[in-house]
Amino acid sequence: MKQTYEDSHLYRLRHSAAHVMAQAVMEMFPEGSLAIGPAIEEGFYYDFDLPRPLTPDDLEVIERRMREIIADDHEFVRREVPVEEAKESFDGEPYKLDLIEGLVSGGVDEDGEATGTAGQADAAPMSLTIYRHDDFEDLCRGPHVESTGQINPDAVKLLKVAGAYWRGDERNPMLQRIYGTAWETAEELESYLERVAEAEKRDHRRLGAQLDLFSIQPDQMGPGLILWHPKGALMRHIAEEFCKAEHMANGYDLVVTPHIGKRTLWETSGHLGFYSDSMYPPMEVDGQEYYMKPMNCPFHILIYQNSLRSYRDLPLRYAEWGTVYRYERAGVLHGLLRVRGFTQDDAHHFCRPDQMPAEIDFVLGFSLHLLRSFGFSEFSAYLSTRPSDDKAVGDPAQWREAEAALEASLQRSGIPYDMDEGGGAFYGPKIDLKVTDAIGREWQLTTIQFDFNLPERFDLTYVAEDGQLHRPYMIHRALLGSMERFYGVLIEHYAGAFPVWLAPVQAMLIPIADRHIEYAEQVATRLKEAGLRGEVDDSSDRMRNKIRKAQEQKIPYMLVVGDKEVESGAVAVRLRTGQDLGPQPIDDFISVAQAAVDEKREL
């Protein structure tokens, strides 16, 4: 089986670097308090409660002290202690004591993350592990390298300081989180820092403001809620119309459902029992409690139930661009990538058991087709299987059948995949499909999820060939996932320079002088008649400034018009890359641009 990151030497290296950093910080601020400090993907962090805000100069001082600790080659020593002894060891450290209480109750793990097992007697640990190096001691499950000297001092870098609520809850104190990274070689560190710099240039929040695509105004509207500006809304409309047309051409029926539902619906679906922490509080209407929907599936089930279904009707594929609302803690909200209100390209398949393998093949193939249409070409997947018996519903034989169908489909697709043994939801196994962006980052977008729970809860049936009622299989599928998250990924993948078919403005007409404005407007009209989106920059800026502004807006084509172009019925074509294609007849340019749209090319 493939080695996980948590089992790797790099993970141990980074976890150890976090402890070295914590020692340096606590020496600098002995009156401070420690919180948690795990290794994360491509680095590590540690949270502190300190007497003053940290500065960039502080990070340099901390880095220097870290190098000294590394050079002294202190051994990492693990010891296992009873809970009461652990409390004594961390007397005066409020966050460590709070963490110990959570570990004892089973409510959190050693990274401070909720486990969902609070109050279970068998979840409480009989003892806890502590790691020590030099005179620094930390509550920690490990693992670590053997000694600080195994950390390469030339491959460690502290990156930034950010605010973080204790346990991610805004009701708790705000801490200072220091992010860092550690690698085995200085060359790997340098390569990583170059990738970070490129990622910062592509940050969808910065580009969203620069390109006037969307905004988030927490003071006026609330955090985690997106305002789509005209250009962003147009881009989203273009993509959604394309996707809807592809769905309809591939056997889907489009449905539309409400934003709220009665309490009884969410009780039947199980959301109030399993998912209430992520749902907004109810509103009372006519003496009944209504909830904003966190998911679309119960509504699609009601549509299925509205008529008696025959085996001849199946499969049924219901698709909806449905807006849902989920409570996310303020500390985890992040631009378009983590929000509280979002639209899913949601679909639910209802099929006979014998149709299930073909339906999985269809869903996976259709997902890859649409993702490729948006310019993604590298994919990987996780197949998550049945959890333990006490955490899963449904017949184990059905689970095995569904897991086999999912894995066989992945094998036929040729997509590389890893097994996430026991990682399925309680109601069924799933495929999580990831795309690789232009700078090599992986993003999880598509989910294909079996459900053995809701068909039982809603008593779904169809009339089979034998005239008896049978239970259909149900498949959840979000292809692009959240449209908000997908657009965040898309912005960063293209660094805002979208393919011509998605660009809100495809061509900017740039008249050299005022006398050329009328001709530019005539050309813009011709573009519109040809199905292209063009605008005229009739400002008083010089031509070079107009070109620069259009390039900053990532507009694919700049069409400069002056006396020669007016006389010849042409446009001088420049690309956003800076390439000058020279004069072209208007009809020739229109043909080139239309071909780029039809082929979904960048230019």
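The values are calculated or read from the model by the stated rules, or taken from the named source; none is laboratory data. Keep in mind the model is a prediction, meaning the values are calculated, not measured. Here the Cβ positions follow ideal geometry from the backbone for every residue, glycine too, while neighbour counts run over all protein chains shown.
Within segment 498-540, which residues are of a type in the set (Asp, Glu) and closer than 24 Å to Glu602 by Cβ?
Residues satisfying the conditions are Glu535, Asp537.
With Glu465, Glu492, Glu484 as the choices, which residue is within 30 Å of Arg601 (Cα to Cα), modelled with pLDDT of 95 or more, touching a Phe, Trp or Tyr at 6+ places or on another chain (Cβ under 8 Å) and not in a strand (DSSP E or B)?
Going through Glu465, Glu492, Glu484 in turn, the sole match is Glu484.
Take Thr264 and tell me if it is among the hydroxyl-bearing types (Ser, Thr, Tyr) and closer than 30 Å to Gln305 by Cβ.
yes
Could you name every one of the helices (runs of 4 or more DSSP H) located completely within segment 226-316 that has at least 2 residues being closer than 30 Å to Val500 by Cα?
Ranges flagged: 230-249.
Would you check which residues across segment 130-147 are touching a strand residue (DSSP E or B) at 6+ places or on another chain (Cβ under 8 Å), surrounded by fewer than 17 Cβ atoms within 10 Å (Cβ to Cβ) and either under 18 Å from Ala86 (Cβ atoms) or not assigned by TED's automatic domain parsing to the domain that holds His9 (or both) and list them?
Residues satisfying the conditions are Arg141, Gly142.
Go through Thr436, Thr447 for me and flag whichever is in contact (Cβ under 8 Å) with a residue 40 or more places away in the chain, at negative phi, hydroxyl-bearing (Ser, Thr, Tyr) and assigned by TED's automatic domain parsing to the domain that holds Thr385.
The match here is Thr436.
Just checking, how many residues over segment 19-45 are touching a residue at least 12 places away in the same chain (Cβ under 8 Å), over 13 Å from Thr181 (Cβ atoms) and of a type outside the set (Val, Ile, Thr)?
Within segment 19-45, residues that are touching a residue at least 12 places away in the same chain (Cβ under 8 Å), over 13 Å from Thr181 (Cβ atoms) and of a type outside the set (Val, Ile, Thr) number 15.
Per-residue answers, yes or no, for (1) part of a loop (DSSP other than H, G, I, E, B); (2) among the aromatic types (Phe, Trp, Tyr); (3) free of Cβ contacts under 8 Å to residues at least 12 places away in the same chain; (4) under 16 Å from Asp138 (Cα atoms):
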{"residue": "Ala17", "(1), (2), (3), (4)": "no, no, no, yes"}
{"residue": "Phe48", "(1), (2), (3), (4)": "no, yes, no, yes"}
{"residue": "Pro53", "(1), (2), (3), (4)": "yes, no, no, no"}
{"residue": "Ile62", "(1), (2), (3), (4)": "no, no, no, no"}
{"residue": "Arg65", "(1), (2), (3), (4)": "no, no, no, no"}
{"residue": "Asp91", "(1), (2), (3), (4)": "yes, no, yes, yes"}
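Do we have any residue at all in segment 348-357 that's in a helix (DSSP H, G or I), touching a residue at least 24 places away in the same chain (Cβ under 8 Å) and under 19 Å from the mean Cα position of the chain (by Cα)?
no
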